[in-house]
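The values are calculated or read from the model by the stated rules, or taken from the named source; none is laboratory data. Given the structure is predicted, the values throughout are model-derived calculations rather than measurements. All Cβ positions, even for glycine, are placed from backbone atoms using ideal geometry, and neighbour counts span all protein chains on display.
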Amino acid sequence: MARGSIDRAIVTAMNDVAHSLGRYTVAEYVETPEVLRLLKVCGVDRVQGHYISEPLEKII
């Protein structure tokens, strides 16, 4: 996403479609502060990934 304008355009378009259908969006694999910033600019609602939090241990 940080390297190409085509990727940003696709994320923005998919985000707009989801919002027009009354849905919220979640971006996965957020690994850098730059990607987080770009997702905020695109209007993504929620994010997850290693930059946000390391995976938590699953307790069964």
_Test for Val44: is it outside any helix (DSSP H, G or I) and surrounded by 15 or more Cβ atoms within 10 Å (Cβ to Cβ)_ = yes
*If you check every pair at least six apart or on different chains, which have Cβ atoms under 7 Å apart with a residue in the stretch 19-31 that is free of Cβ contacts under 8 Å to residues at least 24 places away in the same chain first and a residue that is in a loop (DSSP other than H, G, I, E, B) and exposed (fewer than 13 other Cβ atoms within 10 Å of the Cβ) second?*
Val30/Ile52; Glu31/His50
*Working only within the stretch 29-40, note down all residues that are among the β-branched types (Val, Ile, Thr) and either in contact with a helix residue (DSSP H, G or I) (Cβ under 6 Å, 6 or more places away or on another chain) or surrounded by fewer than 11 Cβ atoms within 10 Å (Cβ to Cβ) (or both).*
Val30
*Residues in the stretch 11-28: is at least one buried (at least 16 other Cβ atoms within 10 Å of the Cβ) and not in a helix (DSSP H, G or I)?*
yes
*Residues located in the stretch 1-10, provided they are surrounded by 12 or more Cβ atoms within 10 Å (Cβ to Cβ) and part of a helix (DSSP H, G or I)*: Asp7, Arg8, Ile10
_Single residue of the stretch 47-60 satisfying the filter (loosely packed, with under 11 Cβ neighbours inside 10 Å and among the hydrophobic types (A, V, I, L, M, F, W, C)) that is modelled with the highest pLDDT_ = Leu56
*From the residues in the stretch 23-60 that are among the hydroxyl-bearing types (Ser, Thr, Tyr) and in contact with a strand residue (DSSP E or B) (Cβ under 8 Å, 6 or more places away or on another chain), which one is nearest to Met1 (Cα to Cα)?*
Thr25
*How do the pairs read when you match residues in the stretch 33-51 that are among the acidic types (Asp, Glu) with residues anywhere that are at pLDDT below 95 and assigned to a loop (DSSP other than H, G, I, E, B), using Cβ under 9 Å and keeping only pairs 6 or more apart or on different chains?*
Glu34/Met1; Glu34/Ala2
